[in-house]
1. Check Ala213, Ala164, Ala220 and return the single one that is within 14 Å of the ligand (Cβ to nearest atom), part of a helix (DSSP H, G or I) and at pLDDT 85 or above.
2. What number goes with the only condition from (1) at pLDDT below 95; (2) within 16 Å of the ligand (Cβ to nearest atom); (3) of a type outside the set (Ser, Thr, Tyr) that Phe130 does not pass?
3. Just to verify a result, which residue in segment 49-101, among those that are assigned to a helix (DSSP H, G or I) and under 17 Å from Ser211 (Cα atoms), is modelled with the lowest pLDDT?
Amino acid sequence: MELDLKEIHDFAVGVAEAAGKVLLTRSSLVKNKANSVDLVTEVDEKVEAIIKKEIALRYPEHNFLGEETYSAGSLRVYAIGDEPTWCVDPIDGTVNYVHLFPMICVSIGFTYQGKSVVGAIHAPYLNQTFSAYQGGGAWVNRTTRLPYQNHPLAADAPRGCVFACEWGKDRRDEPNSNLSRKVDSFVNMATEIGGRNGMGGMVHGIRSLGSAALDLCYVATGAFDIWWEGGCWEWDVCAGVIIVQEAGGLVTTANPPDSTESPVPDVGLGSRLYLAIRPAVATESESSRDA
Ligand code: LIP
């Protein structure tokens with residue numbers, strides 16, 4: 001099948017930006033989904049319906065997987081197959097949206113042969129649109145190519161890194177303590193590596209934005225060195241995966257850092273667990289972050 005990825009990309013960017021305007025309206029209706037921290041608002045549902053309609057008009061032959069459509073149980077099969085499939089999160093960061101924390105976005109991904117090949121993520125409060133298509137590079141607001149950070153990844157990373165992670169929506173004891181242990185071991189490992197080198201180095205910071213899609217965008221820019229999450233769905237990551245990959249970063253399914261699993265580079269979708277590492281940019285100011 002011949003697909004014009006640039007055309008699909010340009011369409012996805014336009015739809016994401018138009019949908020972003022609707023996100024700026026406030027929703028009074030908040031409902032629970034799987035549990036009391038898994039939220040959906042009427043704006044999530046409204047925006048997904050708008051995006052779904054636009055896609056059906058332009059590409060009636062393509063499949064559609066949306067967070068709210070899936071949650072509503074109207075989708076019989078959610079596994080992403082080989083056929084062209086749109087994978088949409090109308091509001092990534094719904095908890096942020098409800099609590100008026102501006103890290104929210106519309107995330108529109110497109111897959112072919114089971115891989116993410118187009119992504120458009122629009123963050124209306126930040127006025128930023130991150131986008132990419134396979135072979136076309138990754139961009140912010142169509143004009144700035146990613147990555148735009150010029151500091152290299154430290155040779156002894158994670159020392160000096162900004163590590164981002166998310167906490168998911170599973171509040172049972174076991175998954176949570178598991179998650180805390182992983183973050184803990186990551187930070188300890190960084191501290192230990194720094195200590196061994198006599199540098200006393202540690203991670204520079206730990207961040208949690210509440211939006212996996214935006215986390216991936218900031219891995220692509222180079223702001224976040226490493227991101228890990230153990231509880232995301234296709235619509236959370238589909239668009240962000242290709243944006244990181246086209247920026248030159250890596251997305252794998254692996255646990256940091258105590259994992260016995262082999263990381264799988266160039267990952268397909270369908271995992272719940274992802275690790276992304278930002279593009280390693282080499283510049284003359286290699287030591288600028290060592291102090
Ligand atoms: C959320 C993510 C967040 C993750 C949650 C959830 P939503 O998406 O982006 O990072 O921790 O499990 O999937 O529900 O706001 O679209």
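The values are calculated or read from the model by the stated rules, or taken from the named source; none is laboratory data. Computed from a prediction, not measured in an experiment: that's the story for all the values here. Every residue, glycine as well, gets a Cβ built from its backbone with ideal geometry; the counts of neighbours run over all protein chains shown.
1. Just a single option satisfies the conditions, and that option is Ala213.
2. (1)
3. Glu68
Residues checked against (1) more than 17 Å from the chain's Cα centre (by Cα); (2) closer than 23 Å to Thr94 by Cα; (3) in the same structural domain as Ser211 (by TED's automatic domain parsing):
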residue: Tyr112; (1), (2), (3): yes, no, no
residue: Pro124; (1), (2), (3): no, yes, no
residue: Gln128; (1), (2), (3): no, yes, no
residue: Ala138; (1), (2), (3): no, no, no
